[in-house]
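Q: Starting off with a structure, shown below.
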Amino acid sequence: MTAILAVASVDTLWLPPAERFDFWQDVVARESAAARISTAHAGDFAASARAVDLGVIRLGAWRYPSLELARTPGMIHSSDPELYQLVLPLNGHGVVSQQRWSGRLGPSGFAFIDTVRPHGSRQVPDRAADQLETLTVLVPHRALPLPPRRVAALLAAKIPAETGMGALLATFLRRLVAHPEQYDASDAPRLDRIALDLIAGTLARHLEAERELPVEVRVTGLRARVEAWIREHLADPGLTPTVVAEAHHLSVRTLHRLFEDADTSVAGLIRTARLERCFRDLADPRLRHLAVHRVAARWGFGDRAHFSRAFRAAYGLTPGDHRDRSIRT
């Protein structure tokens, strides 16, 4: 049996209400950094957390009520691991502060924190009855290929998570932490490398310091942008490697070289992504009114025979058989 990624989950609801808040503070200290936490919900703190360990970085998905957190100078010791933390609230709002800087917390951006410096935050849900949901990433100082003096300018800054590299990073991390069961343990080093390169690229873009990154990190960032652009334009039947290259001001040769060590070519990526969208739509009961060839055309397949052959080669059955099986189940 193939091992999946290393995942740890906790939920305070398994404990008596009076013990939940103390347990949660221990979880935060173990999975992030020791901090003083205060909340109006200490008497019955319903919360849960999931941690995904990739090797160098560690992802966290957290659900909890409103709270305030402070990591004071007295809590920081020379033996503490030197870690940066990226924090992305998935709902709610608040503020984060570190040293002389402060910034807003919200779903539109990452907050950047150095865990070996004092910092604090306050978060509340948009509606009183809701729980907060937050995604975090811990990155060792040594793993970030940017000078510490440059990185210090990002403390408590809001780094956009809805556009550019930040959006790519947010999408990648959310998918990974939401569905770690889709990956094998053997995938961890590759996922670790991709995450680190996207993090470095996102921070460097915000600092306008992309030229300071190693070449291989810049390559990962460019490839991620190209892949995202391709997925946004799958419905265009004229989408080809030449069109992709022109859209990114690259030669076709440079574009192909960018994907030399990837799992697939540019043309293969386009074909696979289109087939995946067709596979999903053919199984969607809301789209049963669309003929198979119409579904194929939605995602750029203009030739019915070519689509049918490609679909069968990829999935081992015809598009119609896939739709029939999906309807029966």
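The values are calculated or read from the model by the stated rules, or taken from the named source; none is laboratory data. Just so you know, these numbers come straight off a predicted model, no measurement behind them. Glycine also receives a Cβ, built like all others from the backbone with ideal geometry; neighbour counts cover every protein chain displayed. Surface accessibility is based on the protein's heavy atoms, side chains included, excluding ligands, DNA and RNA. Shrake-Rupley method; radii C 1.70, N 1.55, O 1.52, S 1.80 Å.
Q: Could you grab the pairs with beta carbons closer than 6 Å, sequence gap of 6+ or different chains, first residue in segment 4-17 and surrounded by 14 or more Cβ atoms within 10 Å (Cβ to Cβ), second one basic (Lys, Arg) and modelled with pLDDT under 95?
A: none
Q: Please verify whether segment 134-151 includes one or more residues that are modelled with pLDDT under 90, over 19 Å from the mean Cα position of the chain (by Cα) and open to solvent by 60 Å² or more (accessible area, probe 1.4 Å).
A: Looking for residues that are modelled with pLDDT under 90, over 19 Å from the mean Cα position of the chain (by Cα) and open to solvent by 60 Å² or more (accessible area, probe 1.4 Å), one finds at least one in segment 134-151, hence yes.
Q: Just to check your reading of the model, which residue among Leu59, Leu83, Leu67 is touching a helix residue (DSSP H, G or I) at 6+ places or on another chain (Cβ under 6 Å) and surrounded by 19 or more Cβ atoms within 10 Å (Cβ to Cβ)?
A: Among Leu59, Leu83, Leu67, only Leu59 is touching a helix residue (DSSP H, G or I) at 6+ places or on another chain (Cβ under 6 Å) and surrounded by 19 or more Cβ atoms within 10 Å (Cβ to Cβ).
Q: Between Arg253, Arg223, which is open to solvent by less than 50 Å² (accessible area, probe 1.4 Å) and either over 16 Å from Val56 (Cβ atoms) or of a type in the set (D, E, K, R) (or both)?
A: Going through Arg253, Arg223 in turn, just one is open to solvent by less than 50 Å² (accessible area, probe 1.4 Å) and either over 16 Å from Val56 (Cβ atoms) or of a type in the set (D, E, K, R) (or both): Arg223.
Q: So Ala167 ticks every box in (1) assigned to a loop (DSSP other than H, G, I, E, B); (2) over 26 Å from Ala29 (Cα atoms) but one. Which box is left unticked?
A: Ala167 satisfies every listed condition except (1).
Q: While we're on this one: Tally the residues that are touching a Leu at 6+ places or on another chain (Cβ under 8 Å) and within 20 Å of Gly94 (Cα to Cα), restricting the search to segment 159-174.
A: 3
Q: Given the residues His93, His77, which is the only one that is more than 24 Å from the chain's Cα centre (by Cα) and not β-branched (Val, Ile, Thr)?
A: The conditions single out His77.
Residue by residue, here is whether (1) under 29 Å from Arg190 (Cβ atoms); (2) among the hydrophobic types (A, V, I, L, M, F, W, C); (3) touching a Leu at 6+ places or on another chain (Cβ under 7 Å); (4) touching a residue at least 12 places away in the same chain (Cβ under 8 Å) holds:
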| residue | (1), (2), (3), (4) |
| --- | --- |
| Asp22 | no, no, no, no |
| Gln25 | no, no, no, yes |
| Gly43 | no, no, no, yes |
| Arg58 | yes, no, yes, yes |
| Ala70 | no, yes, no, yes |
| Gly74 | no, no, no, no |
| Ser79 | no, no, no, no |
| Gln85 | yes, no, yes, yes |
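Q: Run down Asp197, Asp187 and say which single residue is under 27 Å from His256 (Cβ atoms), among the charged types (D, E, K, R) and open to solvent by less than 10 Å² (accessible area, probe 1.4 Å).
A: Result of the check over Asp197, Asp187: Asp197.
Q: Among (1) of a type in the set (Asp, Glu); (2) touching a strand residue (DSSP E or B) at 6+ places or on another chain (Cβ under 8 Å); (3) buried (at least 21 other Cβ atoms within 10 Å of the Cβ), where does Glu162 come up short?
A: Tallying (1) of a type in the set (Asp, Glu); (2) touching a strand residue (DSSP E or B) at 6+ places or on another chain (Cβ under 8 Å); (3) buried (at least 21 other Cβ atoms within 10 Å of the Cβ), Glu162 fails exactly one: (3).
Q: Would you mind listing the strands (runs of 3 or more DSSP E) fully within segment 1-119 where at least 1 residues are of a type in the set (S, T, N, Q)?
A: Answer list for segment 1-119: 6-11, 36-38, 48-53, 83-89, 93-98, 101-105.
Q: Any residue in segment 238-256 that's closer than 19 Å to Arg274 by Cβ: show its pairings with residues that are open to solvent by 50 Å² or more (accessible area, probe 1.4 Å) and assigned to a helix (DSSP H, G or I) at Cβ separation under 6 Å, as long as the two are six or more apart or on different chains.
A: Matching pairs, first to second residue: Pro241/Val252; Thr242/Val252; Ala245/Val252.
Q: While we're here: Could you grab me the full set of residues in segment 259-297 that are in a helix (DSSP H, G or I), touching a Leu at 6+ places or on another chain (Cβ under 8 Å), open to solvent by less than 30 Å² (accessible area, probe 1.4 Å) and not β-branched (Val, Ile, Thr)?
A: Correct list: Ala273, Arg274, Asp281.
Q: Quick test for you: out of Val217, Val244, pick the one residue that is buried (at least 18 other Cβ atoms within 10 Å of the Cβ) and within 24 Å of Phe301 (Cβ to Cβ).
A: Criteria check complete, one pass: Val244.
Q: Phe259 passes all but one of (1) of a type in the set (A, V, I, L, M, F, W, C); (2) at pLDDT below 90; (3) touching a Pro at 6+ places or on another chain (Cβ under 8 Å); which number fails?
A: (3)
Q: Would it be correct to say that Gly302 is exposed (fewer than 14 other Cβ atoms within 10 Å of the Cβ), in a loop (DSSP other than H, G, I, E, B) and not aliphatic (A, V, I, L, M)?
A: So Gly302 fits the description; yes.
Q: From the list Arg174, Arg205, Arg190, which residue is of a type in the set (Lys, Arg), in contact (Cβ under 8 Å) with a residue 12 or more places away in the chain, assigned to a helix (DSSP H, G or I) and under 20 Å from Arg58 (Cβ atoms)?
A: Of the residues listed, the single one that is of a type in the set (Lys, Arg), in contact (Cβ under 8 Å) with a residue 12 or more places away in the chain, assigned to a helix (DSSP H, G or I) and under 20 Å from Arg58 (Cβ atoms) is Arg174.
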